[in-house]
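First the structure, in the form of structure tokens, and then the observations on it.
The values are calculated or read from the model by the stated rules, or taken from the named source; none is laboratory data. The structure presented is a predicted model; accordingly, all values stated were derived computationally and were not measured. Cβ placement follows ideal geometry from the backbone for every residue including glycine, while neighbour counts extend to all protein chains displayed. For accessibility, only protein heavy atoms count, side chains too; no ligands or nucleic acids. Shrake-Rupley method; radii C 1.70, N 1.55, O 1.52, S 1.80 Å.
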Amino acid sequence: MEKFTHDIVIVGAGIAGLRAAIAAAEASKEINVAVISKIYPVRSHSVCAQGGTAAVLREGDSYDLHAWDTVKGADFLADQDVVEFFVRRAPQEIINLEHWGCPWSRTEDGKINQRPFGGHSFPRACFAADMTGFHEMHTLYGKAKTLENITFYDEWFVTSLLVEDNTAVGLTAIELKTGKLQAFKAKAIVMATGGYQRIYQFTTFSHTATGDGMTIAYRAGAPLKDMEFVQFHPTGLVPPGVLITEGARGEGGYLLNAKGERFMKRYAPEKMELAPRDIIARAEQTEINEGRAFQGPYGPYIALDLRHLGEEKINERLPLIRDVAIKLAGVDPVEEPIPIRPAAHYAMGGIHVNIKTESPIAGLYAAGECSCISVHGANRLGTNSTADCLVFGAVSGEEAAKYALSKSFREIPKDKVLEEEKRIFDGILGKEGDEKVPAIRDEMRKIMNDKVWIFRTGEELQEALKEIRKLRKRFENIRVEDKGGAFNMGLIEVLQLDFTLELAEVTVVSALARTESRGAHYRLDYPKRDDKNWLKHTLAYYTREGPRLEYIPVTITKWTPTERKY
């Protein structure tokens, strides 16, 4: 076993991870930064972000307006001090990307263009056609490659955190090309591993989005916060679930039911198709449940109509959407509506961190979707996620650098490394059970789709919890067919399934406990928001018996919770 030593190790190379690496490397040339990714960085799920990145750049907009939109969109569960910091820092991140070469779409007078997005009361979504995440990623990766004190470890799979005296001292990772478990010693570790919506059947997420960093931090002692809040994006392409950007509605697209009605007038008469995502997803699901959806070979769906925008505008502003619709659904949006329905899209919950991205474990930071800071509360507004990755990716890099410069290395515990090696190679790879990954994984996804979806009940959540726990028992009897070393993707699939089963359980337990409806968490048996009992964050702590829940208050600075109308 080799041991690698770096001042800071960043796990994940999406927008948050790359921004953290740049910030840490620029903080001091003395700092040595490692970025570990299970895939090549430019293939991280962040490239799938399409519509834009929110920032206050224009006269007529203001920090308070962006903050208010975010707090209201979050159904008042966002920590308002965090939101105020976030909206003030976001514009600088747009300018940084501009200076580093991001090809932003422009207005006729050459300024960075901005378009409307759901829940925002001003057009503040900066965009690069409908491939914003793709261009942000390539810009950040290009910048990171110019910094000599960043080392990339591509195609390495992190399996555990090494913690001594509640201090992160390193981690273990499998080098995919050799299949060997190696140890990394570090003064500070930043988790930037993204979300986990692959626990659902119908999702916009890449197959690699399995919540690795969340589970690893959780098992090491860091609590997961607000995991009951899962965002369902209103426009997942039918049948594959691939994201159709909210930018399509920002450019003026309509949502239609089978009667040809723009049905959002019943649910959000002022905002219509630009209401927040939780409201539109519930509206669509209601139209489906009440029999007003189109019927197709892949089940009921809603129509997203762009035809009135015209071919020229679609080609200029939404070229990827047209391409995706033609190739994956056989529909040209210039000529006919796109079939869509709600899809699992984003985790508002994640590793519990403070405004400095510090977790309760010393030396462990988290940024981006794997973290819960909490800027998004119970429901995230579109374009706030890439902004979150940039702002708090930068903060995590800066804070990790300060911490690393003030600390010395600690020895990694050899016994814990050997224990992890034994768990993986004897306990999982060496097993001769009769359970297969696809069977358990597909059952988990079906349970989450059927019983932990947009509309929830206590009875269904109880059933889901029992069934997920049965799957976890069956997982103990898993078998990896490939016993080899190099690129043993069968082993990686098992480890990812282990992570997702853990997160599915935490999601269900947290949802079952919250007996109210707020943002994306909607309980049919408790349909009202309950500020008296539930204006608080859920913290889930790991125990062998399952998650142990605690609660902490929401930080309110200037916006008192009110009824949420659009």
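Looking only at residues of the stretch 123-133 that are modelled with pLDDT under 95 and open to solvent by 10 Å² or more (accessible area, probe 1.4 Å), we find that the one that is farthest from the chain's Cα centre (by Cα) is Ala129. Taken residue by residue, the stretch 80-92 has no member that is within 22 Å of Phe134 (Cα to Cα), open to solvent by 10 Å² or more (accessible area, probe 1.4 Å) and in contact with a strand residue (DSSP E or B) (Cβ under 7 Å, 6 or more places away or on another chain). The residue that is nearest to Ile199 (Cα to Cα), among those in the stretch 470-480 that are in contact (Cβ under 8 Å) with a residue 24 or more places away in the chain and loosely packed, with under 15 Cβ neighbours inside 10 Å, is Glu476.
Here the condition is being open to solvent by less than 40 Å² (accessible area, probe 1.4 Å), outside any helix (DSSP H, G or I), out of contact with any Ser or Thr (no Cβ under 7 Å at 6 or more places or on another chain) and not aromatic (Phe, Trp, Tyr); of Ala378, Ala404, it holds for Ala378 alone. Scanning the stretch 489-535 for residues that are part of a loop (DSSP other than H, G, I, E, B), at negative phi, out of contact with any Ser or Thr (no Cβ under 9 Å at 6 or more places or on another chain) and crowded, with 23+ Cβ neighbours inside 10 Å yields a total of 2. Here Arg529 does not fit the description of being over 22 Å from the mean Cα position of the chain (by Cα), at pLDDT below 95 and of a type outside the set (S, T, N, Q). Would you point out the residue of the stretch 66-79, among those that are acidic (Asp, Glu) and in a loop (DSSP other than H, G, I, E, B), that is surrounded by the most Cβ atoms within 10 Å (Cβ to Cβ)? Applying the filter and picking the extreme gives Asp79.
Under the condition of being aromatic (Phe, Trp, Tyr) and out of contact with any helix residue (DSSP H, G or I) (no Cβ under 9 Å at 6 or more places or on another chain), the residues counted in the stretch 483-508 number 1. Among the residues making up the stretch 442-459, those that are open to solvent by 20 Å² or more (accessible area, probe 1.4 Å) and among the charged types (D, E, K, R) are Asp442, Glu443, Arg445, Lys446, Asp450, Lys451, Glu459.
The set of residues from the stretch 544-566 being open to solvent by 40 Å² or more (accessible area, probe 1.4 Å) and closer than 23 Å to Glu502 by Cα comprises Arg544, Glu545, Arg548, Leu549, Glu550, Tyr551, Ile552.
Of everything listed in (1) part of a loop (DSSP other than H, G, I, E, B); (2) crowded, with 22+ Cβ neighbours inside 10 Å; (3) in contact with a Cys (Cβ under 9 Å, 6 or more places away or on another chain); (4) not hydroxyl-bearing (Ser, Thr, Tyr), the single unmet condition for Leu57 is (2).
Within this structure, Ile321 passes the test of being in contact with a Ser or Thr (Cβ under 7 Å, 6 or more places away or on another chain), in contact (Cβ under 8 Å) with a residue 60 or more places away in the chain, more than 30 Å from Ser510 (Cβ to Cβ) and surrounded by 19 or more Cβ atoms within 10 Å (Cβ to Cβ).
Yes/no matrix, rows are residues, columns are (1) within 27 Å of Glu270 (Cα to Cα); (2) of a type outside the set (Phe, Trp, Tyr):
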site	(1), (2)
Asp79	yes, yes
Phe85	no, no
Ile95	no, yes
His99	no, yes
His120	yes, yes
Arg124	yes, yes
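For the stretch 475-482, state whether one or more residues are under 18 Å from Asp442 (Cβ atoms) and not in a loop (DSSP other than H, G, I, E, B). For the stretch 475-482, residues under 18 Å from Asp442 (Cβ atoms) and not in a loop (DSSP other than H, G, I, E, B): present.
With the requirement that a residue be in contact (Cβ under 8 Å) with a residue 12 or more places away in the chain, open to solvent by 30 Å² or more (accessible area, probe 1.4 Å) and either assigned to a loop (DSSP other than H, G, I, E, B) or not aromatic (Phe, Trp, Tyr) (or both), what does the stretch 424-441 give you?
The first filter runs over the stretch 424-441 and keeps only residues in contact (Cβ under 8 Å) with a residue 12 or more places away in the chain, leaving 424-425, 428-429, 431-437, 440-441.
So of that shortlist, the ones also open to solvent by 30 Å² or more (accessible area, probe 1.4 Å) come out as 425, 431-432, 434-436, 441.
If the condition is that a residue be in contact (Cβ under 8 Å) with a residue 12 or more places away in the chain, open to solvent by 30 Å² or more (accessible area, probe 1.4 Å) and either assigned to a loop (DSSP other than H, G, I, E, B) or not aromatic (Phe, Trp, Tyr) (or both), then Lys431, Glu432, Asp434, Glu435, Lys436, Arg441 are the ones that fit.
Scanning the stretch 250-276 for residues that are open to solvent by less than 50 Å² (accessible area, probe 1.4 Å), in a helix (DSSP H, G or I), out of contact with any Phe, Trp or Tyr (no Cβ under 7 Å at 6 or more places or on another chain) and closer than 20 Å to Pro300 by Cβ returns Phe263, Met264. Within the stretch 491-512, residues that are closer than 11 Å to Leu549 by Cα sit with their Cβ atoms under 8 Å from residues that are among the aromatic types (Phe, Trp, Tyr), at 6+ positions apart or across chains, in these pairs: Val506/Tyr218.
Remark: pairs (first residue in the stretch 154-172, in contact (Cβ under 8 Å) with a residue 12 or more places away in the chain; second residue buried (at least 22 other Cβ atoms within 10 Å of the Cβ) and among the charged types (D, E, K, R); Cβ separation under 8 Å; 6+ apart in sequence or on different chains) = Glu155/Lys38; Trp156/Lys38; Phe157/Lys38; Phe157/Asp212; Val158/Lys38; Val158/Asp212. For the stretch 508-566, a residue qualifies if it is farther than 29 Å from Asp450 by Cβ and among the polar types (S, T, N, Q), and the qualifying residues are Thr555, Thr557, Thr560, Thr562.
Output yes when any residue across the stretch 294-305 is more than 30 Å from Pro527 (Cα to Cα), crowded, with 24+ Cβ neighbours inside 10 Å and in contact (Cβ under 8 Å) with a residue 60 or more places away in the chain, and no when none is. No - not one qualifying residue is present in the stretch 294-305. Of all the criteria given as (1) assigned to a strand (DSSP E or B); (2) buried (at least 23 other Cβ atoms within 10 Å of the Cβ), the one not satisfied by Ala21 is (1).
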